[in-house]
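In what follows, a structure is listed as structure tokens, so that the remarks can point back to it.
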Amino acid sequence: MLTSFRTLMKTFINKPQPTAEIIAVMVKLAAKVRKEGVLALEKEKVDDSFMEKAIRLLVDGIDQATIRTMLDNEVSAIQERHYNGSQVFEQIGTLAPAFGMIGTLIGLVQMLQSLSDPAAIGPSMAIALITTLYGALIANLLAIPFAKKLTIRSKEETFLKELMIEGVISMAKKENPNLMKSKLNVFLAPKIRVE
């Protein structure tokens, strides 16, 4: 549960790096590989830890298939963590209204116990009904939107990491940087493609 809240905080605090920016970095690195060789990337610093790891694997001379497998496994593990985090909030969204109704039933029972005192009926009824409101608010204003946001961010992050994998594999093949740019630009809308 605590991990889910940490994941949620990261979701709202960390903004994904723009895709065009990632492609531009990958093309620049590919040009360096083409001119100076893979070892020229040894001293390169990049902002993204996943891309950094991918480049380290490339520099260490790991073959393309192994690089792809290792990075795909990491992406799968990230997706699983994100899925688990979003499921916690989905469950909260599903259960909160039910707990609100349970609170309402308990409140109604207390209200029925105080039928002999007409002045107590109003406040008891208010308390009974407010729990339903709380359950609906928690579900529809917090939990379900959080779960959807986590799912969307997970898809965005997966997309970016798959783009990075394709770029690193392209570098491993020593493909022309312009070819790599064309291959990666396919992932972008025409308006935001890297020139």
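Where a number appears in this text, it was derived from the coordinates with a stated rule and is not lab data. Nothing here was measured: the structure is a model prediction, and the numbers come from that model. Methodologically, a virtual Cβ is constructed for each residue, glycine included, from the backbone with ideal geometry; neighbour enumeration extends over all protein chains shown.
If I build a Gaussian network model for the chain, linking alpha-carbon pairs within less than 10 angstrom, which residue out of M111, M26, M101 has the largest mean-square fluctuation? In this elastic network of the chain, the residue with the biggest mean-square fluctuation among M111, M26, M101 is M111.
Can you give the extra length, in nm with one decimal, that the chain gains between F187 and L142 once fully stretched, where that is 0.36 nm per residue apart less the Cα-Cα distance?
Working: separation 45, 0.36 × 45 = 16.20 nm, distance 3.21 nm.
The span from F187 to L142 would gain 13.0 nm if fully extended.
Only Cα pairs under 8 Å and 6+ residues apart enter the sum, and on that basis the relative contact order of the range 1-148 stands at 25 percent. Counting neighbouring Cβ atoms within 10 Å and putting the fewest first, the residues L160, L108 line up as L108, L160.
The calculated FRET efficiency for the pair K45 and V194, based on their C-beta separation and a Förster distance of 22 Å, comes to about 0.60.
Largest GNM mean-square fluctuation among S49, S116, S76, using the chain with Cα springs under 10 Å: S116.
For the chain, the Cβ-based charge dipole about the Cα centre amounts to some 620 debye (Lys, Arg positive; Asp, Glu negative; other atoms uncharged). Considering only V46, V27, V168, the mean-square fluctuation computed in a Gaussian network model of the chain, springs between alpha carbons under 10 angstrom, is largest for V46.
Mean residue ellipticity, 222 nm, helices only, the chain: the sum of -39500 (n - 2.57) across DSSP H runs of n ≥ 4, divided by residue count and rounded to 500, is -26500 deg cm²/dmol. Approximating the spin labels as points 7 Å out from Cα along Cα→Cβ, the L133-to-I121 distance works out to 2.1 nm.
Work out, step by step, the length gained on full extension between I106 and K174: first 0.36 nm times the residue separation, then minus their alpha carbon distance; give nm to one decimal.
Gain on stretching I106 to K174: 17.6 nm.
Relative to the longest principal axis of the Cα atoms of the chain, the long axis of helix 144-172 makes an angle of roughly 10 degrees.
Specify whether the C-alpha gyration tensor of the range 153-195 places it in the rounded, prolate or oblate class, a ≥ b ≥ c being the square roots of the eigenvalues: rounded for a/c under 1.5, otherwise prolate if a/b is larger than b/c and oblate if not.
Because a/c hits 1.5 or more and a/b fails to exceed b/c, the range 153-195 counts as oblate.
Counting only lysines at least 8 places from K173 when in the same chain, those with an alpha carbon closer than 22 Å to its own are K28, K32, K35, K43, K45, K53, K161, K181, K183.
Between the listed residues I23, M111, M164, the Cα displaced farthest toward the positive end of the dipole of the chain, a dipole computed from Cβ unit charges relative to the Cα centre, is found at I23. I'd like the orientation of helix 49-59 relative to the chain: the angle between its Cα long axis and the longest Cα principal axis, in ° from 0 to 90, rounded to 10. The angle comes out near 30 degrees. Relative to the dominant Cα principal axis of the chain, helix 19-36 is inclined by about 20°.
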